[in-house]
Amino acid sequence: MSQDTNVNKRTKKMTNATAPMLHSALLIDGQLVAGQGARETILNPATGETLCEIAEASLEQLEQAIAAARSAFAGWSRTTPAQRSLILLQIADAIEQRSAELAMLEALNCGKPQHLARNDDIPAAVDVFRFFAGAVRCQQGQLSGEYLPGHTSLVRRDPLGVVASIAPWNYPLMMAAWKIAPAIAAGNTLVFKPSEHTPLSILALAPALAELLPRGVLNIICGAGETVGSPLVSHPQVRMVSLTGDIVTGQKILQAAARTLKRTHLELGGKAPLIVCNDADLAAVIQGVRSYGYYNAGQDCTAACRIYAQAGIHDRLVAELGDAVASLRFARKKDSDNEIGPLISARQRDRVASFVERALGQPHIERVTGAAVHSGPGFYYQPTLLAGCRQNDEIVQREVFGPVVSVTRFDDLSQAVDWANDSEYGLASSVWTQNLDKAMQIANRLQYGCTWINTHFTLVSEMPHGGLKRSGYGKDLSSDSLQDYSVVRHIMARHGTELS
Ligand code: NAD
């Protein structure tokens, strides 16, 4: 393995002793190599400054990565669950040992507060590797037996081959963990592509991954969707494509996958409704929305962004939530003072601003707080609360992926359930009431991959995460994810009925 292509650059501002190295080498067939394609500029969204340039994989390097994954498959797919589990545990340890550096890189590359990356994103990524290390050793399935006299049937669960995994920019390392851990735990080999905006944390981990995994099992290539993602997902030797991203990207991938009938695993957008009943604990609602509507500047597919508030609690909720949202701290010099970061890019910030502008162009929508680009450096947008929104408004129907929450008043619960379900999305939702019977009845009627009761947002590695409708159908986390990355096979042996 050669490490000579690590750039180890430091930005102008990072001259202190704690500044992390910026790695730029791709991982192909166990080697750390410089990309040979176009150069992508990597920015710090908190300042708008350039951090470095990363060269994409060329088409030839893409072919090499797929060929390496293909040739590694024969050996890796025959390792035992215990052998794979041990390596997953070592990867978890490697992330944990580097957690300070990885959190710094995540903060630099996404603009998010470093203390949140350190305490939330990095431990979550570690836990995902540890979970799959355990889960792969205790999978359960159908009983073998004689379903036809003289024949014994048994069911195997086998890996698929080369998987192409494509990640978004909102939680770069955590999304990488969600994609890599179950796929390799199940015995597949992988070509992983991070978002072109946020490759730094996984590239920093690449040298450790190269040490721990047999060559070719995991290949990491960088590049934009059109230049690298598209040829990757169209490649005939790729047997499965896993994407977390936008609905439009999911549609393009399905079209590409159709040509060679690849399996697809799609985790797409969301527009999570919250049904807040008159008897909800208002303080808990305010605290919940303040945290989970705006966490990661709302760049989260489960963000608590679409409130339906019952008439009896509506006015107090709008007033108190407005104050709470206005108190969110961001763009401060001291990292630990910040609760949220900027948007990932000027483009994303402007997209958020245009959603809010169009919403406020409607006479019935009221600005409670926010609704402006933050003056100063970086791609910040003020945490925003809009009231008086109606079911058919764009701001209620479309994913903003920014720090913007809408409030819609409702009278009766069946209307709220209908409105919550009247969405192209189906990823996450929540119900807020102190009456458990009511909570269960509403939760059971919601058409969402996840419904929380009196909370929102929290995920655990043991439970499945994934959507319905246009939010996609792949399941991340949990043993369901292992099933998505493997295929059921039937083996039948004919042995007759008489002992001879
Ligand atoms: P995006 O779809 O623009 O990009 C996601 C990834 O797809 C990137 O790596 C990109 O390079 C790649 N890509 C783009 N076009 C491609 C193509 N034609 N072929 C192959 N790859 C291509 O999404 P984003 O802007 O990075 O992320 C935001 C979106 O992701 C939001 O819609 C959000 O809701 C969704 N998301 C969903 C989940 C979930 O769990 N369901 C989690 C996080 C984000």
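How many residues, within the stretch 268-289, are in a helix (DSSP H, G or I) and crowded, with 22+ Cβ neighbours inside 10 Å?
So in the stretch 268-289, the residues in a helix (DSSP H, G or I) come out as 282-289.
From what is left, the residues that are crowded, with 22+ Cβ neighbours inside 10 Å are 285, 288-289.
Going through the stretch 268-289 one residue at a time, the tally reaches 3.
Looking only at the stretch 158-171, how many residues end up being outside any strand (DSSP E or B) and near the ligand (Cβ under 10 Å from one of its atoms)? Please lay out each step first, then the result.
Keep residues of the stretch 158-171 that are outside any strand (DSSP E or B), which gives 160-161, 167-171.
Applying the additional criterion that residues be near the ligand (Cβ under 10 Å from one of its atoms) yields 167-171.
Looking only at that region, the number is 5.
Whenever a residue of the stretch 64-80 is of a type in the set (D, E, K, R) and surrounded by fewer than 23 Cβ atoms within 10 Å (Cβ to Cβ), its partners that are modelled with pLDDT of 95 or more and not in a helix (DSSP H, G or I), lying with C-beta atoms within less than 7 angstrom and at least six residues away or across chains, give the pairs R70/V162; R70/Q237. For the stretch 24-39, a residue qualifies if it is surrounded by fewer than 21 Cβ atoms within 10 Å (Cβ to Cβ) and among the polar types (S, T, N, Q), and the qualifying residues are Q31, Q36. Among the numbered conditions (1) open to solvent by less than 30 Å² (accessible area, probe 1.4 Å); (2) out of contact with any Ser or Thr (no Cβ under 9 Å at 6 or more places or on another chain), the only one that D158 does not meet is (2). Across the stretch 252-273, the qualifying residues are those that are within 7 Å of the ligand (Cβ to nearest atom) and within 15 Å of the chain's Cα centre (by Cα), and the one among them that is nearest to I395 (Cα to Cα) is G270.
Comparison of T451, T433 shows that the only residue that is under 26 Å from the mean Cα position of the chain (by Cα) and more than 14 Å from the ligand (Cβ to nearest atom) is T451. Of the set (1) closer than 21 Å to P45 by Cβ; (2) among the small types (G, A, S); (3) open to solvent by 20 Å² or more (accessible area, probe 1.4 Å), all apply to A326 but (1). Residue-level check: of (1) part of a loop (DSSP other than H, G, I, E, B); (2) without any contact (Cβ under 8 Å) to a residue 12 or more places away in the chain, L343 misses just (2).
Screening the candidates I344, I313 for the property of being of a type outside the set (S, T, N, Q), within 21 Å of the chain's Cα centre (by Cα) and surrounded by 17 or more Cβ atoms within 10 Å (Cβ to Cβ) yields one hit, I344.
The strands (runs of 3 or more DSSP E) located wholly in the stretch 187-251 that include 1 or more residues which are touching a residue at least 24 places away in the same chain (Cβ under 8 Å), surrounded by 23 or more Cβ atoms within 10 Å (Cβ to Cβ) and more than 16 Å from the ligand (Cβ to nearest atom) occupy 189-193, 218-220.
The values are calculated or read from the model by the stated rules, or taken from the named source; none is laboratory data. Please read these numbers as outputs of a predicted model, since none were measured by experiment. Please note: Cβ atoms are built from the backbone with ideal geometry, for glycine as well, and neighbour counts cover all protein chains shown. The protein model used for the area step is the full one, side chains on, heavy atoms only, and it has no ligands, DNA or RNA in it. Shrake-Rupley method; radii C 1.70, N 1.55, O 1.52, S 1.80 Å.
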